[in-house]
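As structure tokens, the structure follows; a few thoughts come after it.
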Ligand code: SF4
């Protein structure tokens, strides 16, 4: 794979840590390389996407819909979202944070991303920019709570205290988006998990 030659030792170690947790990990130098690879990797499948600015920026929906049946509630809002997501064979999401020790952290409002990723389809892809990498679980949780969630609340135009100062206040707002936190410590037993890390700043 083009780009792997330029991977530094710390990225190599990070990928190995994920692999040792049962998570297949790949590195890409650019989003374009990842997009070309995903078109080859996923064909003729029922695919669903979780909400993700990263996936939007990468154009994965447009790339995959050519050879797959793809459902994304951001593109086709429907009351049957739960049923449509459950039908999929492959699920795509990003993460709010990754620890270099090999764990994935996500905070969810509705819980669809975390439940699908933990016990949904046959295969789950996490697609993340290097900006999601943190040294360890503690800093990854901190990133999810105090970087990703406030920025997502801001993107959604919510009336939550984090939008004003960019840090989490563990609010009681009716518009709170932090209801479920999932930390993937190892590959969940019933799902094949692949993590792609791209050497670009993507999403929040
Ligand atoms: S719990 Fe509330 S304040 Fe904290 S990040 Fe989530 S929405 Fe913002």
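Pop the C-beta distance of residue 87 and residue 12 into the FRET formula with R0 = 45 Å and round what comes out to the nearest 0.05. After rounding to 0.05, the efficiency reads 0.75.
Per residue of the chain, what 222 nm ellipticity follows from adding -39500 (n - 2.57) for every DSSP H run with n ≥ 4, rounded to the nearest 500? Roughly -8500 deg cm²/dmol at 222 nm, from the helical runs in the chain. Looking at the range 78-204, the DSSP beta bridges with both ends there are about 40 percent antiparallel. From the square roots a ≥ b ≥ c of the eigenvalues of the alpha-carbon gyration tensor of the range 21-121, which class results: rounded (a/c under 1.5), prolate (a/b over b/c), or oblate? Here the range 21-121 falls in the oblate category. Length available on full extension from residue 180 to residue 46: 0.36 nm per residue minus the Cα-Cα distance, which gives 45.6 nm.
Applying 1/(1 + (r/R0)^6) with r as the Cβ-Cβ distance of residue 154 and residue 130 and R0 = 30 angstrom yields a FRET efficiency of 0.90. Projected label points at residue 190 and residue 118, each 7 Å from Cα along the beta carbon direction, are separated by 1.2 nanometres. Taking the number of Cβ atoms within 10 Å of each Cβ as an exposure proxy, the fewest-first ranking of 45, 164 is 164, 45.
Taking the fewest neighbouring Cβ atoms within 10 Å as the starting point, the ordered list for 159, 142, 108 is 159, 142, 108. Largest mean-square fluctuation among 173, 52, 139, in a Gaussian network model of the chain whose springs join Cα atoms under 10 Å apart, belongs to 173. Where both bridge residues fall in the range 87-159, DSSP classifies roughly 35% of the beta bridges as antiparallel. For the chain, the alpha-carbon radius of gyration amounts to 0.98 times the rule-of-thumb value 2.2 N^0.38 Å expected for a compact globular protein. Antiparallel DSSP bridges in the range 44-149: what percent, to the nearest 5? For the range 44-149, the DSSP antiparallel bridge percentage is about 20.
Under conditions of 37 °C and 0.692 mPa s, the range 148-202 yields 240 µm² s⁻¹ as its translational diffusion coefficient, taking Rh as the Kirkwood radius over Cα pairs in the Stokes-Einstein equation. When each of 137, 197, 104 is scored by the number of other beta-carbon atoms lying within 10 Å, the sequence from fewest to most is 137, 197, 104.
Annotation: extensible slack from residue 171 through residue 69 equals 32.9 nm (criterion: 0.36 nm per residue apart, minus Cα-Cα distance).
Every number in this text was worked out from the coordinates using simple rules, so none of it is lab data. Just so it is clear, the model here is predicted, and its values are computed rather than measured. When we count neighbours, we look across all protein chains shown, and the Cβ atoms used for this are built from the backbone with ideal geometry, even at glycine.
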